[in-house]
Amino acid sequence: MTNLEILSDWYHRVWIEADLDAIDRYFAPRAGADGILPDGQVGVEDFRALVPALLSLVRDLAIDIDRSIDSGDWLWAQITVRAVTAHGMDPIRASGQVMVRIEGGRITEAYNSFDFITFFEQAGLLPKDAFLLLLSGERLG
């Protein structure tokens, strides 16, 4: 499998099919993913809690890899996440990018940048135009 196929399968099996057992197939045991949580890396066990938590907020999840660059062990991908809210069926569309190092068919390093503000705003968990409110100095909550 190519690096792009591995990443694509990771998104499909783990995130779309919610197959938590597949985490071990695609993510090396000591690997960490930076950029998802503010306090550090997300590891294999963290994904077992993170995936169901995020999936409980949405339905009909789709993850598209819009662009990618493969260079040896490294793969960069720009992604678009599409879904609808779990309760109101309102559309969600947010984007991000990931850079992963893949060795032996498994992700050994991952560096993520995802637009969580847009995601949580569209999911109804942040006020509309939250980013603009924050830029103006408004406190949320």
Using 1/(1 + (r/R0)^6) with R0 = 25 angstrom and r between the beta carbons of Arg48 and Ala86, what's the FRET efficiency to the nearest 0.05? 0.80
Here the net charge surrounding Val14, from other residues whose Cβ is less than 15 Å away from its Cβ (Lys, Arg +1; Asp, Glu -1), is -4
Sum up the charges of everything whose Cβ sits under 13 Å from the Cβ of Val58, counting Lys and Arg as +1 and Asp and Glu as -1, but leave Val58 out. +1
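Probe of 1.4 angstrom, ligands and nucleic acids ignored: what's the accessible area per residue over the chain, in square angstrom?
58
Any idea what the alpha-carbon Rg over 2.2 N^0.38 Å comes to for the chain?
Values: Rg = 15.6 Å, N = 141, 2.2 N^0.38 = 14.4 Å.
Scaled against compact globular proteins, the figure is 1.08.
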Which ³J(HN,Hα) values, rounded to whole Hz and listed in residue order, are derived for region 34-48 from phi using the Karplus coefficients 6.51, -1.76 and 1.60 in 6.51 cos²θ - 1.76 cosθ + 1.60 with θ = phi - 60°, glycine and proline given as x? 8, x, 9, 10, x, 9, x, 6, 9, x, 3, 5, 4, 4, 5
Which value, in debye to the nearest 20, describes the size of the charge dipole of region 1-62 about its Cα centre when Lys and Arg Cβ atoms bear +1, Asp and Glu Cβ atoms bear -1, and nothing else is charged? 20
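About the Cα centre of the chain, how large is the charge dipole given +1 on each Lys and Arg Cβ and -1 on each Asp and Glu Cβ? Please answer in debye to the nearest 20. Don't skip to the answer; put the middle values down first.
Numbers: 12 positive and 22 negative charges, 39 e Å.
In total the dipole reaches around 180 debye.
Take peptides 20-31, 51-62 and line them up by average Cβ neighbours within 10 Å, highest first, as a rough protection proxy. Present the calculation step by step, with values, prior to reporting the outcome.
On the way: 20-31: 15.5, 51-62: 14.0.
Output ranking for 20-31, 51-62: 20-31, 51-62.
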Phi-derived 3J(HN,Hα) across region 115-123 with the Karplus relation (6.51, -1.76, 1.60, θ = phi - 60°), rounded Hz, x for Gly and Pro, is 7, 5, 4, 4, 4, 6, 5, 5, 6
Using modelled backbone amide H atoms (1.01 Å from N, in-plane), which distant-in-sequence or interchain residues come within less than 5 Å of Ala86's amide H? Val58, Arg59
Quick check: at a probe of 1.4 Å, how many percent of the accessible area of region 39-141 sits on carbon and sulfur atoms? 52
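Write out the trypsin sites (Lys or Arg not before Pro) in region 93-141 meeting two conditions: DSSP loop, and at most 11 other Cβ atoms within 10 Å of their Cβ.
Working: sites: Arg93, Arg101, Arg106, Lys128, Arg139; in loops: Lys128, Arg139.
For trypsin sites (Lys or Arg not before Pro) across region 93-141 that sit outside H, G, I, E and B with at most 11 neighbouring Cβ atoms in 10 Å, the list reads Lys128, Arg139.
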With each run of n ≥ 4 DSSP H residues scored as -39500 (n - 2.57), what mean residue ellipticity at 222 nm is computed for the chain after dividing by its residue count and rounding to the nearest 500 deg cm²/dmol? -7000 deg cm²/dmol
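The values are calculated or read from the model by the stated rules, or taken from the named source; none is laboratory data. Because the structure is a prediction, the values reported are computed rather than measured. Quick reminder, even Gly has a Cβ in these numbers, built from the backbone with ideal geometry, and neighbours come from all protein chains shown. With ligands, DNA and RNA removed, areas are computed over all heavy atoms of the protein, side chains included. Shrake-Rupley method; radii C 1.70, N 1.55, O 1.52, S 1.80 Å.
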